[in-house]
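Reviewing the structure listed below.
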Amino acid sequence: MNARLDHVVIAVTDRGRSDAFYRDVIGAEILERDGRAFYRVGEQQLNVHAAGVLPVLVARVPVAPGNSDLCFEWRGPIADAIANLARAGVAIEAGPLVRQGARGQGTSVYFRDPDGSLLEFIAYGD
């Protein structure tokens, strides 16, 4: 197969608050082009739809703040991910739990971004 995931869209209510969260908690690189924000996480990207952003094309039911559900691979022990969340003052909603991810069985913790989207760190333990 020649396809792989390149980017997904998230919607946010407060760009500055979301930029800080995704940079400090997720480890994203914040990029800006033509007044738009992009959060680069590894080889993938989150295209950010914020107030004042008028994308050319959107989904039939556009993404809204708080309705995304995203999983990020944590490279290292899940205990380090938990410590990272604690340092940032981010509450864990569930976990650690054994889950199935793109690379097989891993251990996950779930938490929310500032708009309420469900986020997950999964660690595979390799």
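The values are calculated or read from the model by the stated rules, or taken from the named source; none is laboratory data. Source: prediction; values computed, not measured. Heads up, the Cβs are rebuilt from the backbone with ideal geometry, glycines too, and the neighbour counts pull from every protein chain shown. These accessible areas exclude ligands, DNA and RNA; they are computed on the full protein's heavy atoms, side chains included. Shrake-Rupley method; radii C 1.70, N 1.55, O 1.52, S 1.80 Å.
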> Counting DSSP beta bridges in the chain, what percent are antiparallel, to the nearest 5?
Replying inline: 70
> What nm value, rounded to one decimal, do you get for the distance between V58 and C71 when each label is placed 7 Å out toward the C-beta?
Replying inline: 2.8
>> Quick check for you: which residues of the stretch 62-102 have the amide N under 20 Å from the point 7 Å beyond the Cα of E43 toward its beta carbon?
In response: 71-76, 101-102
> Please identify the GluC sites (Glu not before Pro) of the stretch 63-126 that satisfy two criteria: DSSP loop assignment and at most 13 other Cβ atoms within 10 Å. Which are they?
Replying inline: E93
> Which value, in Å to one decimal place, does the Kirkwood hydrodynamic radius take for the stretch 33-84 when every pair of different Cα atoms is included?
Replying inline: 13.7
> Which percent of the accessible heavy-atom area of the chain goes to carbon and sulfur, probe 1.4 angstrom?
Replying inline: 51
> To two decimal places, what compactness ratio does the stretch 65-126 give when its Cα radius of gyration is scaled by 2.2 N^0.38 Å?
Replying inline: 1.05
>> Using all alpha carbons of the chain, what is the percent of pairwise distances in each 5 Å bin, ordered from the shortest bin to the longest?
In response: 2, 10, 20, 23, 20, 14, 8, 4, 0
